[in-house]
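See structure below.
The values are calculated or read from the model by the stated rules, or taken from the named source; none is laboratory data. Just so it is clear, the structure is predicted and the values come from calculations on it, not from any experiment. Backbone-built Cβ (ideal geometry, glycine too); neighbour counts: all protein chains shown.
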Amino acid sequence: MKAKSTIRAVFVFGALAAGTAVAAAQEEPPTPPRLSWSFSGPFGKYDQAQLQRGFKVYREVCSTCHSLNLLAFRDLADPYGPGFSEAQAQQIASEYKIKDIDDKGQPIERPGRLADHFPPPFPNEAAAKATYGVAPPDMSTLAKARGYRRGFPWFIVDIFTQYQEEGPDYIAAYLQGYREPPKGFELPAGGHYNEYFPGHNTAMPPPLQDGQVAYDDGSPQTVQQYAKDIAAFLMWAAEPHLVARKRIGFQVLIYLIVLAGLLYFTKKRVWHAVEAPHESASGQAATKAGA
Amino acid sequence: MSGHSTYRPQSKFMQWLEKRLPIGGLVHSSFVAYPTPRNLNYWWTFGGILAFMLAVQIVTGIVLAMHYTPQADMAFNSVESIMRDVNYGWLIRYVHANGASMFFLAAYIHLFRGMYYGSYKEPREVLWILGVILLLLMIATGFMGYVLVWGQMSFWAATVITNLFSAIPGVGSTIVTWLWGGYAVGNPTLNRFFSLHYLLPFVIAGVVVLHIWALHVVGQNNPAGIEPKSDRDTVPFTPYATIKDTFMIVVFCIVFAWFVFYIPNYLLHPDNYIPANPAQTPPEIVPEWYYLPFYAILRSIPNKLLGVCALFASIVILAFLPWLDTSPVRSARYRPLYRQFFWLFVATAIGLGYLGSRPPEGVYVVISRILTVYYFAFFLIILPLLGIFEKTRPLPNSIADSVLGKA
Ligand code: HEM
């Protein structure tokens, strides 16, 4: 154990100091197209219908492989999120089977309740890994855990334009990024060529087809629409308080700007005696007399 | 803390207390009557901003610690639960996480201010050295706080940085094992980092008291870089400095709020939203932005031991600034050559910061080596020689004269 970790430590350091960062060796994948999101910008809000559709995609497609460990069924009733009614959330919960222990200490499966978290598709990570070669990542924070390099000068521009949607943009692009591998690209067994995935070889089989998930609000049942809806849903899952954050932020900023203005004029007033040219021969001396 | 107090307590209680514990007089002489140069510009408000940020970090940190679990299997989820389930937990965590960045931003501005106006020169050497100690303590505190999240970047940053000590010949690997509390970064490491991350801010607060004490003994420097000579050169701290500092703290808060409420993840690395996984090295390991210049210096040197020495030297060298700069003139205003080298130094530090975020290969390595050479040459060659060869401009007779343009 000791030898192994020391070797790892030396490896990590070597990789950094000697100048062979792993990622840099690969060519950078193309930039995901920038989509328009209801939750971007200073007044952004989640689109309830979109999150409900996204949840449907998660439930019918992604949940066979991806867990959503940090979310509870009660979160579905978040009025600033998917906005299901409590009864609807309860209904959804009861359709899931939750492992529990009964009064006699025996393992049982019971219908889910609002307080339960989403049950994972695999009993543990090793089982998930054994199935696909790579464990499908948990989806609770996925939209904040992915992105792409913006590069100079965009990373500076982003401060002012508030562009924070690299995660959902990447996810939507990744879900639609499956292509025939270009000539000469060696795709390992079990791999799938994806234009946007770093290194292009992803273990996730293309999960979406046109018409796969039935929408009842008339939205197009296309991979493009599915990809966008699930990406929005994942953004909410990762950042459930985004709407409150932006709303409070606006109020705080208005308050601070007004306060700063008032303080500025107070400061000018206080300093007047010192800064006005005709009186400025005085310093501490005059202020004492004046006060 | 300086001079004799003119404090006259008004209330009976304060008169009674003053005879037993003259705390009213202390506060009065330090924050009310204390004479400050009348020509201070807005760069002088960053000291107040720093004190404010320390308070913000301590208050938000204590609340976070009430909900945080320093245990390797639970730490990541406990931070997520703060973000999701604790009332306004997202706000507290984003204020703390972005607050660290704002703290460093203010500290770097404060430090460059000191360099530009020669605030480290006699008699302010001890004041300056206390500032360098504060910077070192902040660096240690910020690093350990970042590890507490126990995401991928936390874990691997901890691995890389603690490994720096393995470069020490002979005892290196023993020291690293001792730091880790095991044979790899793990639960014992997380526990001690939490303990120290809680402790160090209070050590910082203590050193801040010494820093301010030293300041009030020697007095503030000012843009003209000459000492006040009479009452005409100064104004009392209250209301003059108090109102100016308060105004700038609020302006600073506007920038701070922009980050917290609109782009709270801009300065955080996406990988830190992936739970720590010792079996998987992330494609790139980058430290927080405020360490990037030092990180670039580390990587620009091909030898590990020398790289680590350069890293530490790049910070510690600041403490020797009062003796490396041989010029008797303080302010860059009256030092035409120093002013140019100073701005080149600022550009170098920013350039190194950018290079620290890029993979260490090709042209990036070459440029970071050049900038590293300039970084050290600035202190070791340019500053000592400038004092001898630079022709400085004439100094004004007094602060009041410089304000009135009678320089
Ligand atoms: C000098 C002042 C301080 C600095 C510069 C600082 C810096 C940091 C940083 C950079 C993080 C990681 C933020 C993130 O990515 O989420 C952090 C986390 C944390 N800090 Fe501090 N901190 C300071 C004071 C304190 C104090 C006084 C406490 C406790 C009394 C504290 C408790 C915590 C806790 C519990 C976390 C983990 C939760 C989280 O990441 O949000 N901090 N700190």
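Within the range B:34-123, considering only helices (runs of 4 or more DSSP H) that don't extend past its boundaries, which have at least 2 residues that are closer than 30 Å to B:P228 by Cα?
Helices (runs of 4 or more DSSP H) meeting the threshold: B:46-67, B:89-116.
Table: residues versus (1) touching an Asp or Glu at 6+ places or on another chain (Cβ under 7 Å); (2) under 19 Å from B:H216 (Cα atoms); (3) among the basic types (K, R); (4) within 9 Å of the ligand (Cβ to nearest atom).
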residue: B:Y117; (1), (2), (3), (4): no, yes, no, no
residue: B:Y120; (1), (2), (3), (4): no, yes, no, no
residue: B:P123; (1), (2), (3), (4): no, yes, no, no
residue: B:W128; (1), (2), (3), (4): no, yes, no, no
residue: B:L136; (1), (2), (3), (4): no, no, no, no
residue: B:V149; (1), (2), (3), (4): no, no, no, yes
residue: B:F155; (1), (2), (3), (4): no, no, no, no
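Out of A:I98, A:I92, which single residue is at pLDDT 95 or above and over 25 Å from A:M235 (Cα atoms)?
Sole residue among the options that is at pLDDT 95 or above and over 25 Å from A:M235 (Cα atoms): A:I98.
I need the full set of residues from the range A:223-241 which are more than 9 Å from every other protein chain (Cβ to nearest Cβ) and under 21 Å from B:R84 (Cβ atoms), in order please.
Those that are more than 9 Å from every other protein chain (Cβ to nearest Cβ) and under 21 Å from B:R84 (Cβ atoms): A:I230, A:A231, A:A232, A:F233, A:L234, A:M235, A:W236, A:A237.
Can you tell me which residue in the range B:76-109 is farthest from B:E288 (Cα to Cα), limited to those that are surrounded by fewer than 19 Cβ atoms within 10 Å (Cβ to Cβ) and more than 14 Å from every other protein chain (Cβ to nearest Cβ)?
It comes out as B:I109.
Identify the residue in the range B:279-296 that is within 12 Å of another protein chain (Cβ to nearest Cβ) and within 14 Å of the ligand (Cβ to nearest atom) and, among all such residues, is surrounded by the fewest Cβ atoms within 10 Å (Cβ to Cβ).
So, considering only residues that are within 12 Å of another protein chain (Cβ to nearest Cβ) and within 14 Å of the ligand (Cβ to nearest atom), the one surrounded by the fewest Cβ atoms within 10 Å (Cβ to Cβ) is B:W289.
Which helices (runs of 4 or more DSSP H) sit wholly inside the range B:266-355 and have at least 3 residues that are of a type in the set (V, I, T)?
B:304-316
Please determine, by comparing only the residues of the range A:118-155 that are β-branched (V, I, T) and within 11 Å of chain B (Cβ to nearest Cβ), which one is surrounded by the most Cβ atoms within 10 Å (Cβ to Cβ).
Taking the candidates together, the pick is A:T141.
Quick check: anything in the range A:73-82 in a loop (DSSP other than H, G, I, E, B) and among the acidic types (D, E)?
Within the range A:73-82, one or more residues are in a loop (DSSP other than H, G, I, E, B) and among the acidic types (D, E).
Got a sec? Which of B:D271, B:D231, B:D245 is more than 9 Å from chain A (Cβ to nearest Cβ) and among the acidic types (D, E)?
From the options B:D271, B:D231, B:D245, the qualifying one is B:D245.
Tell me whether the range A:247-257 contains one or more residues that are at pLDDT below 95, surrounded by 14 or more Cβ atoms within 10 Å (Cβ to Cβ), assigned to a helix (DSSP H, G or I) and more than 7 Å from chain B (Cβ to nearest Cβ).
no
Identify, please: which residue in the range B:161-208 is within 14 Å of chain A (Cβ to nearest Cβ) and touching a Leu at 6+ places or on another chain (Cβ under 6 Å) and is, among those, farthest from B:A65 (Cα to Cα)?
B:A167
Based on what the data block shows, is B:N98 in contact with a Ser or Thr (Cβ under 9 Å, 6 or more places away or on another chain) and within 13 Å of the ligand (Cβ to nearest atom)?
no
Here is a list of conditions, (1) farther than 23 Å from B:L134 by Cα; (2) in a helix (DSSP H, G or I), and B:H216 meets all of them except one; can you say which number that is?
(1)
Of the residues that sit in the range B:33-75 and are more than 19 Å from B:L134 (Cβ to Cβ), away from the ligand (no atom under 16 Å from the Cβ) and surrounded by fewer than 18 Cβ atoms within 10 Å (Cβ to Cβ), which one is farthest from the other protein chains (Cβ to nearest Cβ)?
It comes out as B:N41.
Which of (1) near the ligand (Cβ under 8 Å from one of its atoms); (2) closer than 19 Å to B:L318 by Cα is the odd one out, the single condition B:L105 does not satisfy?
The one condition B:L105 does not meet is (1).
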